[in-house]
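**Q** Can you read through this structure? Questions will come right after.
The values are calculated or read from the model by the stated rules, or taken from the named source; none is laboratory data. In this text the structure is predicted, and so the values were computed from the model without any measurement. Positions of Cβ are generated from backbone atoms using ideal geometry, with glycine treated the same way; all protein chains shown enter the neighbour counts. The accessibility values were calculated without ligands, DNA or RNA, using every heavy atom of the protein model including side chains. Shrake-Rupley method; radii C 1.70, N 1.55, O 1.52, S 1.80 Å.
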Amino acid sequence: LQNRKEGGLDAFLSQQQVCLQKTLELIDHDAFEKAVRLFASSERIFLHGKGASRCLAQLLHFRLNRFGKAVFLMPSGGTELFEDLNRLCEGDLVVCFGFQKLPREDSVLLSHACGAGCKSILFSSRVYAAETSQADISLLIYRGEPEEYHSMTAAMAVLDALVLEIAAVMGESAVGRLDRLHQMKRQYRDQLPG
């Protein structure tokens, strides 16, 4: 707040445009395409988000469930995390969100995933965290300078783009499930209005 020259809706949205543009410049497009294929081909997907990043994991959980994927939202931390670590098998996909710094939980998850033969994806805003993690794929998202307010706008935009690309790769297996969902909503709209 102290560093703001001007406030209000216009200034904030303009700053989000900057974050989106810098993300577009930073993100590795080949890594993004690899991530799309990995999501589309993985049978089981484990998502971990801590703090504000939890909302991103929840959004991805909601979207991928609609495609019929077996998606699991892991606990943020504590010993409950070991319950899901114990379930990881070769071929599973582990997805972590570690922006400002890589949470200790993500370090443990990525290390364990590597040892268990799982593939992993890290969403990060720090080049150092992305380069030093054990993630198979790192996707950089710009959320502002260290002293600025860090919005999830760019991160959510990248996730939305990712979900659309996953649906395109999965084709009928994703779209067919969405069609059935819409048919159920129409069929039961009188009993369960929206």
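**Q** Just Cys96, Cys118, Cys55 to compare: in a GNM of the chain, with alpha carbon springs under 10 Å, which one fluctuates most?
**A** Answer for the Gaussian network model of the chain: Cys55.
**Q** Next question, about the same structure. Per residue, how much accessible surface does segment 1-158 expose to a 1.4 Å probe? Answer in Å², no decimals.
**A** Numbers: 8540 Å² over 158 residues.
Solvent-accessible surface per residue comes out at 54 Å².
**Q** Would you calculate a helix-derived [θ] at 222 nm for the chain, using -39,500 (n - 2.57) for each DSSP H run of n ≥ 4 and dividing by the full residue count, to the nearest 500? Before the final figure, lay out the partial values.
**A** Working: 8 runs with 103 residues, N = 194.
Helix contribution divided over all residues of the chain: -17000 deg cm²/dmol.
**Q** Moving to a separate point now. Please compute the alpha carbon radius of gyration of segment 54-162, then divide it by the globular-protein estimate 2.2 N^0.38 Å. Two decimals is fine.
**A** That ratio works out to 1.05.
**Q** Let me check I've understood the local charge: for Arg44, count other residues with C-beta under 9 angstrom from its C-beta, Lys and Arg +1, Asp and Glu -1. What total comes out? Working shown, then result.
**A** Values: positive: Lys69, Arg87; negative: Glu43, Asp92.
With Lys, Arg at +1 and Asp, Glu at -1, the neighbours total 0.
**Q** Run the numbers for Glu83 and Leu26: contour at 0.36 nm per residue of separation, minus the present Cα-Cα distance, in nm.
**A** Values: separation 57, 0.36 × 57 = 20.52 nm, distance 3.50 nm.
That works out to 17.0 nm of additional length.
**Q** Quick one: putting +1 on the C-beta of Lys and Arg, -1 on the C-beta of Asp and Glu, what dipole do you get for segment 74-183 around its Cα centre, in Debye to the nearest 20? Don't skip to the end; give the middle numbers.
**A** Values: 8 positive and 16 negative charges, 9 e Å.
With Lys and Arg at +1 and Asp and Glu at -1, about 40 debye.
**Q** Distance between the C-alpha centers of segment 103-179 and segment 12-67? Whole Å please.
**A** Computed from Cα coordinates, the inter-centre distance equals 5 Å.
**Q** Give me the percent of accessible area attributable to carbon and sulfur for the chain, probe 1.4 angstrom.
**A** Working: 5870 of 11270 Å².
The value for the chain is 52 percent carbon and sulfur by accessible area.
**Q** Report the net charge of residues surrounding Phe82, where surrounding means a beta-carbon distance below 15 angstrom and charges are Lys +1, Arg +1, Asp -1, Glu -1.
**A** Working: positive: Arg87, Arg104; negative: Glu80, Glu83, Asp84, Glu105, Asp106.
Summing Lys/Arg as +1 and Asp/Glu as -1 gives -3.
**Q** Here's something else I'd like to know. For the chain, divide the Cα radius of gyration by the Kirkwood radius and give the resulting Rg/Rh value with two decimals.
**A** On the way: Rg = 17.9 Å, Rh = 17.9 Å.
Dividing the radius of gyration by the Kirkwood radius yields 1.01.
**Q** Follow-up question, since we're still on this one. For the chain, set up a GNM with springs between Cα atoms under 10 Å and report which of Glu90, Glu147, Glu80 has the largest fluctuation.
**A** Glu147
**Q** Under a GNM of the chain (C-alpha, springs under 10 Å), which listed residue has the highest mean-square fluctuation: Ser14, Ser120, Ser138?
**A** Fluctuation is largest for Ser14.
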